[in-house]
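Asks: Following this message is one structure expressed as structure tokens.
The values are calculated or read from the model by the stated rules, or taken from the named source; none is laboratory data. Bear in mind the structure is a predicted one, so any value in this text is a computation, not a measurement. Please note: Cβ atoms are built from the backbone with ideal geometry, for glycine as well, and neighbour counts cover all protein chains shown.
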């Protein structure tokens with residue numbers, strides 16, 4: 001070790017084996033769905049299903065110029081996020097960062113995702129953001 005003297009002692013512990021011995025470290029618990037909105041359910045594969053509290057419909061201009069209205073499904077499935085999803089979020093600016101994660105987690109894409117999010121009731125939109133927060137929160141908490 002650079003700059004170490006004979007009096008310095010370095011101990012390397014396997015954090016998984018000795019987590020209970022490390023001050024300020026809580027053992028990581030498997031995701032239980034705690035912290036999810038009431039109308040959300042954690043699935044066995046780690047995805048989360050959100051049952052919408054209000055009906056929603058997206059509106060867009062069709063190829064012939066007419067306004068098309070399509071209902072949003074009664075449930076949205078949010079998939080676990082990847083490092084690539086987080087990288088995409090970091091390149092988005094302002095409020096679009098959360099929308100990028102919504103689009104990617106629901107696999108709705110950059111065209112249908114924003115239309116869907118904008119059509120959601122505020123309670124459902126807030127629940128969607130809470131699910132994104134559930135996926136991006138740290139597993140192990142450290143502190144004093």
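Asks: Of the residues that make up segment 115-123, is at least one outside any helix (DSSP H, G or I), buried (at least 17 other Cβ atoms within 10 Å of the Cβ) and touching a helix residue (DSSP H, G or I) at 6+ places or on another chain (Cβ under 9 Å)? Steps first, please.
Replies: Of segment 115-123, the ones outside any helix (DSSP H, G or I) are 120-121.
Keeping just the survivors that are buried (at least 17 other Cβ atoms within 10 Å of the Cβ) gives 120.
If we keep only those that are touching a helix residue (DSSP H, G or I) at 6+ places or on another chain (Cβ under 9 Å) as well, we get 120.
There is at least one residue in segment 115-123 that is outside any helix (DSSP H, G or I), buried (at least 17 other Cβ atoms within 10 Å of the Cβ) and touching a helix residue (DSSP H, G or I) at 6+ places or on another chain (Cβ under 9 Å).
Asks: Hey, another quick one. Looking only at strands (runs of 3 or more DSSP E) that lie completely in segment 35-96, which have at least 2 residues being under 22 Å from the mean Cα position of the chain (by Cα) and closer than 18 Å to residue 118 by Cβ?
Replies: Output list reads 75-78.
Asks: Further question on the same structure: Which of the following residues is surrounded by fewer than 16 Cβ atoms within 10 Å (Cβ to Cβ), at pLDDT 95 or above and in contact with a helix residue (DSSP H, G or I) (Cβ under 9 Å, 6 or more places away or on another chain): 59, 107?
Replies: The unique qualifying residue is 107.
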